[in-house]
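Remarks on the structure that follows.
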Amino acid sequence: MYLPLIDGRCDSRHGEPPVYVDTLVDLRVPDEHAAAGSGSGKRRKQRRQRRLTDGELVGLCSEFLGAGTEPAAAALQWIMANLVKRPTCSALRKEIDAVMSADAEEVGEEVLGRLEYLNATIMEGLRPHPTVPMVLRKVMAEDHVALDGRRLPARTAVHFPLARLARDKTAWTDPREFGPERFLVGGEGAGISLVPAAGIAGRLG
């Protein structure tokens, strides 16, 4: 399935911005099975390069696509399951019908920004069912910090179990109930990011 797509990309990529598969096609790796040539060891090593095999190309593309789509697919499955269990979420359908035109072929950022209940539904779906089980942060204080009565020395790695935190009754009202309203304006989750410090180093201290 992948090889025809890769071949098609190789035939049509001239003049187009490079994409991930282009880097794989152009990649050269050491050929451990090549016969040694003449010259110094360094020069022989530089010459003994090869392209990726078809099997390696397919494996890397499959891994890339799987890693990029499986978490999103799992998150959508959990959201849909919760919506089925909570048919009172008709507000989501009403919002989509009101904002989206029946003949719309694409959904732009401007439209997504107006789908407040949809965004709240996604946030609420990711709260108890995060795409990763935990996040890792390091203590960035010069000496130490105190966290929940514990002394954490500098550079200590701290694991935060996201799913467990999402079910903490001290953090959320009725944490096991699916309620997108908690992420709407006025709700307890309004303005909260489920990925704090995204794009920057998360710091303690």
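Using the Cα centre as the reference, give the magnitude of the dipole from point charges on the C-beta atoms of the stretch 86-205 (Lys, Arg: +1; Asp, Glu: -1; all else neutral), rounded to the nearest 20 debye.
Taking the Cα centre of the stretch 86-205 as origin, the dipole is about 920 debye.
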Kirkwood Rh and Cα Rg combined as Rg/Rh, the chain:
1.11
Label point distance in nm, residue 65-residue 171, each placed 7 Å from Cα along Cα→Cβ
3.5
If the only charges are +1 at each Lys and Arg Cβ and -1 at each Asp and Glu Cβ, what is the size of the charge dipole of the chain around the Cα centre, to the nearest 20 debye?
1380
List the pair-distance distribution P(r) of the stretch 86-205, using every Cα-Cα distance, as the percent of pairs falling in each 10 Å bin from 0 up to the bin containing the longest distance, rounded to whole percents.
11, 32, 30, 17, 8, 2
For 62-73, 110-121, ranked highest to lowest by mean beta-carbon neighbours within 10 Å, the order is 110-121, 62-73
Before anything else, pin down the relative contact order of the chain: Cα pairs under 8 Å, at least 6 apart, normalised by residue count, whole percent.
16
Note to self, the chain gives a 222 nm [θ] from helices alone (DSSP H runs n ≥ 4, -39500 (n - 2.57) apiece, / all residues, nearest 500) of -13000 deg cm²/dmol
Residue 14-residue 54 FRET efficiency (beta carbon distance; Förster radius 35 Å; 0.05 resolution)
0.95
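No value in this document is a laboratory result; all are computed from the given coordinates. Fair warning: this is a prediction, and the values are worked out from it, not measured in the lab. Reconstructed Cβ throughout: ideal geometry from the backbone, glycine too, with neighbour counts over all protein chains shown.
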